[in-house]
Amino acid sequence: MEREKQQRIEEQRHFHARIQKVQKHYQRSMAQLRAINMKASNRPQAANEDVRMLVDSMIAIWQ
């Protein structure tokens, strides 16, 4: 029973660590998105490249 308890505790730690990682990624992504929005009208080509990098980073977090 103690072993099962320790396993559940470890699973919870892993889960919370993953949540923190995703939250940090979300915050960075939102900052990037704000920068893209500011750049879009004046430098659309650069904004387009930034969008591609943002999408790539979003995909990479789930792999």
Worksheet item: Does any residue in the stretch 22-38 that is under 13 Å from Met58 (Cβ atoms) come within less than 9 Å, Cβ to Cβ, of a residue that is in a helix (DSSP H, G or I) and hydroxyl-bearing (Ser, Thr, Tyr) six or more places away or on a different chain, and which pairs are these?
Response: His25/Ser57; Arg28/Ser57; Ser29/Ser57; Gln32/Ser57
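Here is a yes/no grid of residues against (1) touching a Phe, Trp or Tyr at 6+ places or on another chain (Cβ under 6 Å); (2) at pLDDT 95 or above; (3) surrounded by 12 or more Cβ atoms within 10 Å (Cβ to Cβ):
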residue	(1), (2), (3)
Met1	no, no, no
Arg13	no, yes, no
Lys21	no, no, no
His25	no, no, yes
Ser29	no, no, yes
Ser41	no, no, no
Pro44	no, no, no
Ala47	no, no, yes
Ser57	no, no, yes
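The values are calculated or read from the model by the stated rules, or taken from the named source; none is laboratory data. The shown structure was predicted, so the numbers you read here are calculated from the model rather than taken from an experiment. Quick reminder, even Gly has a Cβ in these numbers, built from the backbone with ideal geometry, and neighbours come from all protein chains shown.
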